[in-house]
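Below you'll find the structure, written out as structure tokens, and then a few comments.
The values are calculated or read from the model by the stated rules, or taken from the named source; none is laboratory data. None of the values given here were measured: they were computed from a predicted structure. FYI the Cβ positions are ideal-geometry reconstructions off the backbone, even for glycines, and counts take in every protein chain you see. With ligands, DNA and RNA removed, areas are computed over all heavy atoms of the protein, side chains included. Shrake-Rupley method; radii C 1.70, N 1.55, O 1.52, S 1.80 Å.
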Number of protein chains: 2
Amino acid sequence: MDQAKINKRIRIPELQKKIMSAAQAADFIKDGMVVGMSGFTRAGDPKEIPFEFAKLAEGGKRKIYLMTGASLGADVDGAMARAGAISKRTPFMSDRDMRTAINNGSIPYFDLNLGDLAFQIRNKQLPDPDIAVVEALSITEDGYLVPTTSVGSTDVFLEKAKQILIEINMAMPDNFEGVHDIYVPRRREMPEAGIIPILDVNNRAGTIGCKIDPSKIVGIVLVNKMDSASENVLADPAQDAMATNLRNFFLGEIKAGRMTPALFPLQAGVGSVANAGLWGLLEGPFQGLTMWSEVLQDSTWDLLDSGRMTFATGTAITVSPKKTEEVYGNWERYKNKVCLRPIYITNSAEIIKRINLIAVNTAMDVDIYGNVNSTNIAGSNMQNGIGGSGDFAVNAHTTIFLTRSSSPDGRLSRILPMVPHVDHNEHNVDIIITDKGIADLRGKSPRERAVEIIKISDPDYKPMLQDYFSKACERGGHTPHILERAFEFFDNQRKSATKSMKG
Amino acid sequence: MDQAKINKRIRIPELQKKIMSAAQAADFIKDGMVVGMSGFTRAGDPKEIPFEFAKLAEGGKRKIYLMTGASLGADVDGAMARAGAISKRTPFMSDRDMRTAINNGSIPYFDLNLGDLAFQIRNKQLPDPDIAVVEALSITEDGYLVPTTSVGSTDVFLEKAKQILIEINMAMPDNFEGVHDIYVPRRREMPEAGIIPILDVNNRAGTIGCKIDPSKIVGIVLVNKMDSASENVLADPAQDAMATNLRNFFLGEIKAGRMTPALFPLQAGVGSVANAGLWGLLEGPFQGLTMWSEVLQDSTWDLLDSGRMTFATGTAITVSPKKTEEVYGNWERYKNKVCLRPIYITNSAEIIKRINLIAVNTAMDVDIYGNVNSTNIAGSNMQNGIGGSGDFAVNAHTTIFLTRSSSPDGRLSRILPMVPHVDHNEHNVDIIITDKGIADLRGKSPRERAVEIIKISDPDYKPMLQDYFSKACERGGHTPHILERAFEFFDNQRKSATKSMKG
């Protein structure tokens, strides 16, 4: 490794003595430890130490309580799950093998609103990490750790952990330094403590890195590997229809005088559906758009390139392989239009409310009264976690959920009489959009909402939904239900699955 | 009426020409109007105009879309419901006859987080009121309307309505003026617009009344009637046990170093259970307590009298007949320890988060995974509404729900396999307290939570809950459920009810 480059990245010379192999570093992670690891939707996670740790832990020889920003990159969670190395996991994951272990009960997982993690650690409601394992771009001369492509809860892990392991990512461009704004809550005795002094998406209130105590650093590993790219998702007519409906919704808001062509700052959930929704804004009158979100996906950069979006801020950058090259290869073009912040800032109730955020998230399924399931398949099996959707949905100016009217194979309606798990309740859902249309729930009673939501269901399931709703209304109630029939869609599905297994 | 007293209460002399009878005033409320009416948990509602309007509307001759702060006093909602005078109702009610009309579908009602009403009107997501009908203590020489015992959303109704009807309540003591702090959001062009400059419970940022345009006033009625008192509730061993458990929870938090004997500002839901919970703090080491809540009930004044509480702020005062005399008869004793604010301030996400609020609310029922139903009996029949509990639960430092382990007659478990309606989901519920104990859900997976919650269930129902949970775990999943059995408690109850009707 080029010493000049190392000097640029580790600017406190004595810290360079802590450089070691990933295997040596991993050995600092002991059985029973609480570990705070960087990483958010595959961005900015440590690339080598976790795999070395999984080797040491193999067969459950070491077990850790693992906290992260959100999901880790390709197979990091999987390797640790397969090694039996996890005694507890929070707040989000998206790995297949870890998901299996969570759903069979062998890994206790608690699914947390992502914005709550830092808050709960700072308030001693969750334990402090014993060790922080974080990826960094650099360590400055005055003791700031500059993160890479995500912040998440890294700032809190570094603040609270007794020991720190760092992977310096040499593959990231040097000029990425400066994109972060790490704001630490003001101390009680300071004037206006308690106010977060961020008034708009492009405001800065903090520093370019996380202030650390260098004496806590026990190991530094030099790594040369970019983030796992986001999975490519093929275009899909249902997604296109949802994107068109989302655009039409915004056009209606502009016409009604509730929004201007700049809209309000946009938040978009992670994944292809919300991403496609934002691409939809490349057409139409939209100008002066801004983004206040968790993750900056491919569509963000296209909107910035188009000139329609002026500024985007989030806690992570997760892009496709093609965009990885375009974005980091042309960083000078973007560096003044982007800012990465801790998640307790991006998901802050105070700021979300202040800036009139528009929250656009994806639902797993919705019910005829406007409740949304984002997490548990058929009420029981965890998919990934709620992520930040709860933080945004409850405090947003306008809360929108996108969902297909039915599963891609058409075998399941995404609109149900009753969702089997509620992550976002009727009180916090303003708009539901499917490939079949827009249901505007604002100011409507549950019976009025049911009429609107059934309208945008898959025609194959509309008669069943209508039948349930009519019979429920005969029984009566403000939110008419027939409890013994509420989950019949699942029951039918379970029976036909059993039948086809037997058949 | 004594002219000197009138001069003191209506300090713009030409407005005195608008004094008229309640019947004359009611005639300004026309068919099809959106009406914004003061009133919050029986406090500060107009006492005469609504009844006169109900007479005019009798038989559905006039129908209005009625918005209020929250519930109105004795029979106000009932009289209008029986007259067929309501075409739509929001955001909260607690009247028997209106409840019947809502549940049989004849009055469309939408149940809103109370803090959202002002926001949604100001953002044109809900219509402006055509007319505001509000109770006031006085109108000052410089055009401020001073409310009485509640603010709720009165400030927004006055700001947006085209016409204003006022009931001046002569029965309230003159020296009640000064207790309110009406803060209007700063305009965009002002420095630090968007920041609510309230840092602690006793801060003031606004004016003693709502600035109004006197030319919008179409009628003033002089009234001499105190608020309907809160209903008396008898002491009850289960309530006492919950209060003791709540106190023990706080003692544990102090011991763990998460709180001091001053705790954090307390919010308490309306009703006898939360009120009894606060009374529990009259014992123990608690000192320097403060309150940031919606409603100041009997227990608040006892805590102030005891010297353990230093300041209490809310949007309404609702007290028993005995306390009515004590509080308003000795107002000088309290006036510097109390402040009434608009509900969009008391329920503000920004402030709730900033002050580390402790939210104590009552659940209708809870499930073994920590979801809470606050509104819909058996999933369908509206009781009162969610009130502000959603605003507090999602942003509080610690979110506590109190519920009996079973109904007073023991015929229903309040802990269920699955709640039939979710108002507060697993992500936002930290602590559940019953008469049987405390379930601390923080940092626990769903299966771990179920163990804790089943522990505090009624012993008569524990075997059934345990059986459901064990069988669900056999089927598997992160949140194990047997959907076709999830509502069997209700089904059993429905069948036995049918049986007993036949028998």
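Over both sides of the B-A contact, add up the buried accessible area with a 1.4 Å probe and give it to the nearest 100 Å². Let's see the in-between values first.
Working: alone 19940 and 19960 Å², together 33920 Å².
What B and A bury together is about 6000 Å².
Taking the Cβ of residue A:370 as the center, what net charge do the other residues with Cβ under 14 Å away carry, scoring Lys and Arg +1 and Asp and Glu -1?
Charge balance near residue A:370 sits at -4.
Which trypsin sites (Lys or Arg not before Pro) in segment B:182-245 sit in a loop by DSSP (not H, G, I, E or B) and have at most 10 other Cβ atoms within 10 Å of their own Cβ?
B:187, B:188
For segment A:66-161, count all C-alpha to C-alpha pairs, find those more than 17 Å apart, and express that count as a whole percent of the total.
Values: 2417 of 4560 pairs.
The share of Cα pairs beyond 17 Å in segment A:66-161 comes to 53 percent.
Show me the GluC sites (Glu not before Pro) within segment B:47-95 that DSSP assigns to loop and that have at most 15 other Cβ atoms within 10 Å of their Cβ.
Values: sites: B:48, B:52, B:58; in loops: B:48, B:58.
Sparse-neighbourhood loop GluC sites (Glu not before Pro): B:58.
Distances from residue B:32 to the same residue in each other copy, label points 7 Å out along Cα→Cβ, in nm, shortest first?
7.6
Return the whole-Å distance between the Cα centroid of segment B:5-31 and the Cα centroid of segment A:428-470.
46 Å
Lysines near residue A:63 by alpha-carbon distance under 23 Å, same-chain residues fewer than 8 away left out - which ones?
A:30, A:47, A:55, A:88, A:124, A:160, A:162, A:216, B:444
Quick one: what do you get for segment A:184-321 if you divide its Cα Rg by 2.2 N^0.38 Å?
For segment A:184-321, the normalised Cα radius of gyration is 1.33.
Taking K and R as +1 and D and E as -1, what net charge do the other residues with C-beta under 13 Å from the C-beta of residue B:404 add up to?
Neighbourhood net charge equals -4.
Which loop GluC sites (Glu not before Pro) in segment B:135-197, with loop taken from DSSP, have no more than 12 other Cβ atoms within 10 angstrom of their Cβ?
The qualifying sites are B:141, B:189, B:192.
Give the share of C-alpha pairs in each 10 angstrom bin for segment A:127-252, from 0 to the last occupied bin, in whole percents, shortest bins first.
P(r) over segment A:127-252, rounded to whole percents: 11, 30, 26, 19, 12, 2.
Between copies, how close do the residue B:283 label points come, placed 7 Å along Cα→Cβ, listed in nm from shortest?
Distances between equivalent label points, in nm: 6.9.
Could you work out the percent of alpha carbon pairs in segment B:419-500 separated by over 20 Å, rounded to a whole number?
Result for the distance tail: 41 percent.
Please enumerate, by chain and number, the lysines with C-alpha under 17 Å from the C-alpha of residue B:335, excluding those fewer than 8 residues away in the same chain.
List returned: B:323.
Calculate the spin-label point distance for residue A:142 paired with residue A:224, positioning each point 7 Å from the Cα along the beta-carbon direction, and give it in nanometres.
The modelled label-to-label distance comes out at 3.2 nm.
From the Cα gyration tensor of segment A:314-395, with a ≥ b ≥ c the square roots of its eigenvalues, which class applies: rounded if a/c is under 1.5, or else prolate if a/b is larger than b/c, or else oblate? Walk me through the numbers before you get to the answer.
Values: a/c = 2.77, a/b = 1.58, b/c = 1.76.
Oblate, since a/c reaches 1.5 and b/c is not below a/b.
Residue B:127: net charge of surrounding residues, Cβ under 11 Å, Lys/Arg +1, Asp/Glu -1, itself excluded?
Every neighbour counted, the sum reads +2.
Can you give the % of DSSP beta bridges in the protein assembly as shown that are antiparallel, to the nearest 5?
Beta bridges within the protein assembly as shown, antiparallel portion: roughly 25 percent.
Answer rounded, prolate or oblate for segment A:242-289, using the Cα gyration tensor with square roots of eigenvalues a ≥ b ≥ c: rounded when a/c is under 1.5, else prolate when a/b is larger than b/c, else oblate.
prolate
In terms of the Cα gyration tensor, with a ≥ b ≥ c the square roots of its eigenvalues, is the protein assembly as shown rounded because a/c is under 1.5, prolate because a/b exceeds b/c, or oblate?
prolate
Using a 1.4 Å probe on the protein chains only, how many percent of the accessible area of the protein assembly as shown belongs to carbon and sulfur?
Looking at the protein assembly as shown in its full context, I get 52 percent from C and S.
List for segment A:112-153: residues with 10 Å² or greater reduction in accessible area, all protein chains versus chain alone, probe 1.4 Å?
With the partner chains in place, segment A:112-153 has these residues losing at least 10 Å²: A:113, A:116, A:119, A:120, A:123, A:124, A:125, A:126.
Please list, in chain and number order, the residues 5+ apart from residue A:10 or on another chain whose amide H is under 5 Å from its amide H, with Hs placed from the backbone.
For residue A:10, whose amide H was placed from the backbone, the distant partners under 5 Å are A:139.
Ignoring ligands, DNA and RNA, what accessible area per residue does the protein assembly as shown give at 1.4 Å, in Å²?
Averaged over the residues of the protein assembly as shown, the accessible area is 34 Å².
Between the alpha-carbon centers of segment A:348-412 and segment B:209-288, tell me the distance in whole angstrom.
A separation of 33 Å, based on Cα centres.
For label points placed 7 Å from Cα toward Cβ, what is the shortest-first list of nm distances from residue B:13 to its copies?
Counterpart label points of residue B:13 in the remaining copies fall at 8.7 nm.
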